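**Student:** Quick one: the structure is below, questions incoming.
The values are calculated or read from the model by the stated rules, or taken from the named source; none is laboratory data. Because the structure is a prediction, the values reported are computed rather than measured. Counting neighbours? That spans all protein chains shown, and the Cβs are built from the backbone with ideal geometry, glycine included. What goes into the accessible areas is simple: the full protein's heavy atoms, side chains included, and nothing from ligands, DNA or RNA. Shrake-Rupley method; radii C 1.70, N 1.55, O 1.52, S 1.80 Å.
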Amino acid sequence: MSNEILYILLPDYAAHEAVYLSQAVASDDFAMKENPKYVNKVVAPTLEPVKSIGGFRTVPDYSFDTMPDDYAALVLIGGFGWSTPVADQVAPIVKGAVEKGKIVGAICNAASFMAKHGFLNGVKHSGNGLEQLKLWGGENYTNPEGYVHAQAVSDGNIVTANGSATLEFAKELLWLLENDTPERIEMYYQFNKQGFCALFPG
């Protein structure tokens with residue numbers, strides 16, 4: 001479905017990095033949305049449950065073999081799996097998404113994976129620091145001058161972020177997806193960034 005946001009989860013994924021984006025897509029301030037603009041779907045190497053760093057197990061909607069060709073965005077959730085051989089199976093998926101002009105988000109080690117496969121060479125980007133991008137990217141990473149030392153960076157349809165930038169990552173993707181009005185997206189960001197007590201002092 002063209003309104004599906006596909007979250008790629010590898011074994012030992014960082015569950016918290018998907019929380020703010022997926023929550024804003026599926027719910028508003030008070031309840032689940034009756035008619036959300038987008039639908040969250042999980043993609044994993046197989047249809048077997050995939051375990052997070054914290055031990056939660058998620059049942060995928062799709063495997064790499066059964067995922068749809070059409071979707072609204074591809075979101076690579078970080079974690080320890082991006083440094084393992086299974087991550088290489090994601091490279092052709094990202095290549096297809098970039099070629100089709102799809103929105104692609106990559107956070108934490110997933111951004112380093114993007115560097116490793118040359119996907120950051122034409123865009124401004126962030127990640128877990130320039131040194132890690134160079135280390136993972138090797139000769140395939142030819143755009144160190146494109147690195148921006150910011151929590152999250154959006155350039156064209158590609159959003160990258162470091163592992164502590166879950167909320168900034170979500171905000172950039174929500175803007176690109178036009179999930180809500182800019183004002184409501186900013187309100188969602190500030191509420192979660194500053195907290196209830198700071199915004200509504202007693």
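**Student:** Is it true that D12 is surrounded by 14 or more Cβ atoms within 10 Å (Cβ to Cβ), in contact (Cβ under 8 Å) with a residue 24 or more places away in the chain and of a type in the set (D, E)? Even if it seems obvious, please write down each step before you answer.
**Tutor:** Numbers: surrounded by 14 or more Cβ atoms within 10 Å (Cβ to Cβ): yes; in contact (Cβ under 8 Å) with a residue 24 or more places away in the chain: yes; of a type in the set (D, E): yes.
The answer is yes for D12.
**Student:** Test N121 against the stated conditions and say whether it is part of a loop (DSSP other than H, G, I, E, B), buried (at least 19 other Cβ atoms within 10 Å of the Cβ), of a type in the set (S, T, N, Q) and at pLDDT 95 or above.
**Tutor:** Numbers: part of a loop (DSSP other than H, G, I, E, B): yes; buried (at least 19 other Cβ atoms within 10 Å of the Cβ): no; of a type in the set (S, T, N, Q): yes; at pLDDT 95 or above: yes.
Judged against the criteria, N121 is not a match.
**Student:** What number of residues within region 54-81 are crowded, with 16+ Cβ neighbours inside 10 Å and in a loop (DSSP other than H, G, I, E, B)?
**Tutor:** Of the residues in region 54-81, 8 are crowded, with 16+ Cβ neighbours inside 10 Å and in a loop (DSSP other than H, G, I, E, B).
**Student:** Sticking with this one: Can you name the condition, by its number, that Y147 falls short on among (1) touching a Leu at 6+ places or on another chain (Cβ under 6 Å); (2) surrounded by fewer than 24 Cβ atoms within 10 Å (Cβ to Cβ); (3) under 17 Å from Q23 (Cα atoms)?
**Tutor:** (3)
**Student:** Next question, about the same structure. Given the structure, is A31 among the small types (G, A, S) and in contact with a strand residue (DSSP E or B) (Cβ under 9 Å, 6 or more places away or on another chain)?
**Tutor:** Values: among the small types (G, A, S): yes; in contact with a strand residue (DSSP E or B) (Cβ under 9 Å, 6 or more places away or on another chain): no.
The answer is no for A31.
**Student:** Could you list, in sequence order, the residues of region 62-111 that are under 20 Å from Q132 (Cα atoms) and among the acidic types (D, E)?
**Tutor:** D88
**Student:** Hey, P92 hits all of (1) open to solvent by 20 Å² or more (accessible area, probe 1.4 Å); (2) outside any loop (DSSP other than H, G, I, E, B); (3) in contact with a strand residue (DSSP E or B) (Cβ under 8 Å, 6 or more places away or on another chain) but one; which does it fall short on?
**Tutor:** (3)
**Student:** Same structure again: Filter region 1-53 down to residues that are more than 23 Å from E183 (Cβ to Cβ), hydroxyl-bearing (S, T, Y) and assigned to a strand (DSSP E or B), then give me how many there are.
**Tutor:** Residues that pass the stated criteria total 3.
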